[in-house]
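The structure under discussion appears below in the form of structure tokens.
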Amino acid sequence: MLKEAKRLSALLLGPAVLISMSGQSLAEEVERWGVNMTQGVTPMSRDIYDLHMLIFWICVVIGVLVFGVMFYSMIVHRKSRGAIPANFHESTKLEILWTAVPFVILMAMAWPATTTLIDIYDTDEAEVDILVTGYQWKWKYEYVNQEVSFFSNLSTPKEQIYNQAPKGVNYLLEVDEPVVIPVKKKVRFLITANDVIHAWWVPDLAVKKDAIPGYVNETWAYVEEPGTYRGQCAELCGKDHAFMPIVVEALPEEEYQQWLAGKREEAAILRELTNQTFSFDELYARGEDVHNRVCAACHQVNGEGVPPTFPAIAGSAIATGAMNDHLSIIIDGSATNPAMRAFGDELSEVDIAAVVTYQRNAFNNNMGDSVQPIDILKYKQGQ
Amino acid sequence: MAHGPATGLSRWLFTTNHKDIGTLYLWFSFAMFMLGGVFALVVRAELFEPGLQIVDPEFFNQMTTMHGLIMVFGAVMPAFVGLANWMVPMMIGAPDMALPRMNNWSFWILPFAFAMLVSTLFMEGGGPNFGWTFYAPLSTTYAPPSVTFFIFAIHIMGASSIMGAINIIATILNMRAPGMTLMKMPLFVWTWLITAYLLIAVMPVLAGVVTMMLMDIHFGTSFFDAAGGGDPVLFQHIFWFFGHPEVYIMILPAFGIVSAIIPTFARKPLFGYASMVYATASIAFLSFIVWAHHMFTVGMPLAGELFFMYATMLIAVPTGVKVFNWVTTMFKGAMTFETPMLFSIAFVILFTIGGFSGLMLAIAPADFQYHDTYFVVAHFHYVLVPGAIFSITAAVYYWLPKWCGNMYNETMGKTHFWMAFVGLNLTFFPMHFVGLAGMPRRIPDYALQFADFNMIASCGAFLFGAAQVMFLFNVIATIRGGKKATAEVWENPEGLEWTVASPAPYHTFSVPPTVK
């Protein structure tokens, strides 16, 4: 009996010690273990966090009361302690009481929830507009009226995913090109999708919105501090759903403008490259890079694919057939298999020329031919 | 001469006896429970550590999908139908179900439906990989070819459920013994009556949505294809109009079971019988007007979000009434803690925790952070595992002595309970944490900050699985022998089923009892 009492007191003391810790160190402990929602970096995310904590504590109080009565009964009203059962089984007063009280509590919850929701839905008067498009399995960002647009791919190497290399700090939460936004501006995200439904979610911004083909959803964020904020696709979108993260980089206005200018310059250089002639080796090397970045998700690095949805490129009729058929399937997509979408807008002329050259000569296809960026441009214009 | 069962396989193939069909349903459901459990363990094994180790993402998605489909349609629903078959006629003093031949048919199409569903795993392109909610266009334009078999399997399961529901309604409304008025029926009968209406209302909706998918895939329509003028969000509205009542289909009979068990072991009548009936009916009604709370992030207009938020919050009221009634039933009782009682008490506590997280999820602005994360996974496993699985387990322990005439092994039963209880909480409690910290659901690989809790969850899952093997062993041992059970089995339990011998004779209440 004494032993049991000691054990019980130790168990009871555990949480008491935790509670007596200063608020600061408890918060640190919670932070270290990652057990709670982030407070985030926008006024909205803090409102949502406060709402979350309010409901949580209400639930805790109700839980303590209900479970308290339950455990009291279980300990005291047990047959082994000689309890004699009472026989009451009805009380209209009690029933009315415990219908009405929860109703009042719910109204108290509904009020802050409603005001917060109304704020979230106010997408007017944004200063920056970014069109976000979900693709299997990457995100495209277009800065409306800024002539800047690019794709953002997972940059974690395959070796880390397949446990052949140690995993980095931002494993699966890193991309080749983050979406850049200015701080202290209302940034509106217009969200849609190209193939299946995705969801654009950045916890620190408290923004989660489905990206649906045929719809353009709106949401917004006002980030106060510069920083890098990471998120993921939240709606099951197929095989690589886990591998299309989101990285938002918030910069001060001036740096943001510089970055925009830099992106425009990059695009101009790329347009320039279209007119140049490349050697076979240059195309092949660049093409390998493009293949591994863009095509390998489905067709695999070795070109073997995952038939039947994702056919092999190695030895395929298209990659070892007429050049125009190869260009057609990349630029216009497949007429029969929706998984092979059109890449004509997504890839530059240089990248298409490079990847076609690579695929026709790698994987033992050995066609020996190649194609120049200017030919791609002509093909597109000839359509 | 007593009219006994036929012998051999034909007894089971051609039976129209409610007890035999109940047994078939229960064994089938247990087989599916184990299969769905193995799929879940594949998922948990892959998630034991970050990185891809055991299965590739394509197969992982098939496992999460099949786990959900098998557990919902193969394990939980048939188990409740099996319990209804066994218990409803005995509880209302009827000799059998109202439509015995249809009863046979509604069971025997199920094994074919599930054989077809599981066979898709071996087809070219693999089985369904789009989640148990099969959102279009991932499940239509972008689906593997086997999706057609999935659609046909769903049609058959739906037909089975509708037939089962019609049978239960016909039985309860027409075959009650003299004096068994509606408000004297045990709560298990009441909750099943209401559940059966839900089934008839929403199963055709499910059949409709998969038929629209079939049309989109094979006959050139564009119900859900934006490129053809269709609407992917329409799919979600139709699916959840089925889907939300569906989750109550999986919980209302559980309320009935627990309302039978707690009074028996508290040795005190159920508190607030009438309010329990009204609360069940309110929950059933509300289940039809809350469906879009699964869709807070699809971009509904503000008015829609507010309506579905308020309606969803309202569900807390009747659900709260139920919990308060159970607790008050226990209060000032004289409790003992046999295995069925342990499972029922765990039901009340853990289901309430699932209810709390449900209330949090109802708050639309906060849901933007919770939606499609492990917090949701934690929530619905807290309502479904302690809700449906624990109540079914409690029911089996509670009525098994009546079914087979032998007492089960109490020590093994309690060991099963504690393993399952610890396993469940180890598996699903940490999911609240990783979900809040930002881990999306349905991913085969995750960022490093989620590693510790995922490892704990995987260990818990295997413990939970081991507990179910022990359950199987205990049930088989009880059927084969053990201490003989009395007709009453427990101390003064309430209900007509305890007035017949243990094991219950093949035909009961051929002459209706009189209920005072």
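The values are calculated or read from the model by the stated rules, or taken from the named source; none is laboratory data. All values derive from a computational prediction rather than experimental measurement. Cβ atoms come from the backbone with ideal geometry, glycine included; neighbour counts cover every protein chain shown. Remember, those area values only see protein heavy atoms, side chains included, never the ligands or the DNA or RNA. Shrake-Rupley method; radii C 1.70, N 1.55, O 1.52, S 1.80 Å.
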For this session: Only Lys, Arg, Asp and Glu count, each charged at its Cβ (+1, +1, -1, -1), so figure out the dipole size of chain A about its Cα centre, rounded to 20 debye.
Result: 2200
Exercise. Just how large is the dipole of the stretch A:274-382 about the Cα centre, in debye to the nearest 20, putting +1 at every Lys and Arg Cβ and -1 at every Asp and Glu Cβ?
Worked result: 160
For this session: Hey, can you find the accessible area per residue of the stretch A:274-382 for me, probe 1.4 Å, expressed in square angstrom?
Result: 45
Problem set entry | DSSP beta bridges in chain A [antiparallel fraction, %, rounded to 5] | 75
Problem set entry | Point-charge dipole on Cβ atoms (K/R +1, D/E -1) for the stretch B:19-499, about Cα centre, debye to 20 | 1540
Seminar exercise, completed: Honestly the stretch A:128-263 on the Cα gyration tensor test (a ≥ b ≥ c root eigenvalues; a/c under 1.5 rounded, otherwise a/b vs b/c for prolate or oblate) is just oblate
Seminar exercise, completed: Heads up, the stretch A:72-112 by the C-alpha gyration tensor (a ≥ b ≥ c square roots of eigenvalues; a/c under 1.5 rounded, else a/b over b/c prolate, else oblate) looks oblate
Exercise. How do B:Thr221, B:Thr171 stack up against each other in accessible area, from largest to smallest, with a 1.4 angstrom probe?
Worked result: B:Thr221, B:Thr171
For this session: Search the structure for amide H atoms under 5 Å from the amide H of A:Gly305, placed 1.01 Å from N in the peptide plane, and list their residues when 5 or more places away or on another chain.
Result: A:Gln300, A:Ile313
Exercise. Which percentage, to the nearest 5, of the DSSP beta bridges contained in the stretch A:84-188 is antiparallel?
Worked result: 85
Seminar exercise, completed: Neighbours of B:Pro50 by Cβ distance under 13 Å: Lys/Arg at +1, Asp/Glu at -1, summed charge -3
For this session: Give me the Debye-computed log₁₀ of I(q)/I(0) at q = 0.06 Å⁻¹ for the protein assembly as shown, equal point scatterers on Cα only, no solvent, two decimals.
Result: -0.45
For this session: Pick out, from B:Gln53, B:Thr23, B:Ser10, the residue whose Cα sits farthest towards the positive end of the charge dipole of the stretch B:1-115, with +1 on the Cβ of Lys and Arg and -1 on the Cβ of Asp and Glu.
Result: B:Ser10
For this session: Find the centroid of the Cα atoms in the stretch B:360-414 and in the stretch B:247-290, then give the distance between the two in whole Å.
Result: 15
For this session: For the stretch A:128-263, with all protein chains present and a 1.4 Å probe, just round the carbon and sulfur fraction of the accessible area to a whole percent.
Result: 46
Problem set entry | Backbone N within the stretch A:273-295 under 16 Å of label point (7 Å from A:Glu159 Cα along the Cβ vector) | none
Seminar exercise, completed: Taking a label point 7 Å from the Cα of A:Ala317 along Cα-to-Cβ, the residues of the stretch A:343-371 whose backbone nitrogen sits under 16 Å from it are none
For this session: At a Cα cut-off below 25 Å, give the lysines reachable from A:Lys138, other chains included and same-chain residues fewer than 8 away excluded.
Result: A:Lys158, A:Lys167, A:Lys186, A:Lys208, A:Lys209, A:Lys239, A:Lys263, A:Lys380
Exercise. Using protein heavy atoms only (no ligands, DNA or RNA), what is the total accessible area buried between A and B, 1.4 Å probe, nearest 100 Å²?
Worked result: 8000
For this session: Using DSSP, restrict attention to beta bridges with both residues in the protein assembly as shown and report what percent are antiparallel, rounded to the nearest 5.
Result: 75
Problem set entry | Using alpha-carbon coordinates, inclination of helix B:273-286 to the longest axis of chain B, degrees | 20
Seminar exercise, completed: In whole angstrom, largest first, the equivalent ellipsoid semi-axes that the Cα gyration tensor gives for the stretch B:19-499 are 35, 25, 23
Seminar exercise, completed: Given a Förster distance of 41 Å, the FRET efficiency implied by the Cβ-Cβ spacing of B:Ala170 and B:Ile479, rounded to the nearest 0.05, works out to 0.85
For this session: In whole Hz, with x marking every Gly and Pro, tabulate ³J(HN,Hα) for the stretch B:9-20 from phi via Karplus 6.51 cos²θ - 1.76 cosθ + 1.60, θ = phi - 60°.
Result: 5, 5, 4, 7, 5, 9, 5, 10, 7, 4, 6, 4
Problem set entry | Cleavage-rule hits, GluC sites (Glu not before Pro), the stretch A:92-136, DSSP coil, Cβ neighbours within 10 Å at most 14 | A:Glu125, A:Glu127
Seminar exercise, completed: Counting sequence-distant residues (5 or more places) and residues on other chains, those with an amide H built under 5 Å from that of A:Val148 are A:Tyr143
For this session: Using amide H atoms built 1.01 Å from N in the peptide plane, name the residues 5+ places from A:Arg78, or on other chains, whose amide H lies under 5 Å from its own.
Result: A:Ala83, B:Met335
For this session: Could you tell me how many degrees, from 0 to 90 and to the nearest 10, lie between the Cα long axis of helix B:110-119 and the main elongation axis, the longest principal axis, of the Cα atoms of chain B?
Result: 30
For this session: Take each complete run of DSSP H in chain A, measure how far its Cα atoms stretch along the helix's own axis, and keep only those covering 20 Å or more with mean Kyte-Doolittle hydropathy at least 1.6; list them.
Result: A:43-76
For this session: Just the ratio, please: alpha-carbon radius of gyration of the stretch B:232-358 over 2.2 N^0.38 Å, N its number of residues.
Result: 1.22
Seminar exercise, completed: Under the helix-only model (-39500 (n - 2.57) for each DSSP H run of 4 or more, divided by the residues of the protein assembly as shown), the mean residue ellipticity at 222 nm, to 500 deg cm²/dmol, is -18500 deg cm²/dmol
Exercise. What's the Cα-based Rg to Rh of chain A, Rh via Kirkwood?
Worked result: 1.13
Exercise. Please state the relative contact order of chain B as a whole percent: Cα pairs under 8 Å, 6+ residues apart?
Worked result: 17
Seminar exercise, completed: Taking Cα atoms only, helix B:187-218 is inclined relative to the longest principal axis of chain B by an angle, in degrees rounded to 10, of 30
Exercise. For the stretch B:4-85, what is the convex hull volume of its Cα atoms per residue in Å³?
Worked result: 99
Problem set entry | Computed over the stretch A:274-382: relative contact order in percent, which uses C-alpha pairs under 8 Å that are six or more apart | 33
Exercise. How about B:Lys484: which lysines have a C-alpha closer than 27 Å to its C-alpha, ignoring those fewer than 8 places off in the same chain?
Worked result: A:Lys79, B:Lys19, B:Lys268, B:Lys402, B:Lys414
Seminar exercise, completed: Gyration tensor on Cα atoms of the stretch B:98-140, a ≥ b ≥ c root eigenvalues, a/c under 1.5 rounded, else prolate if a/b beats b/c, else oblate, says oblate
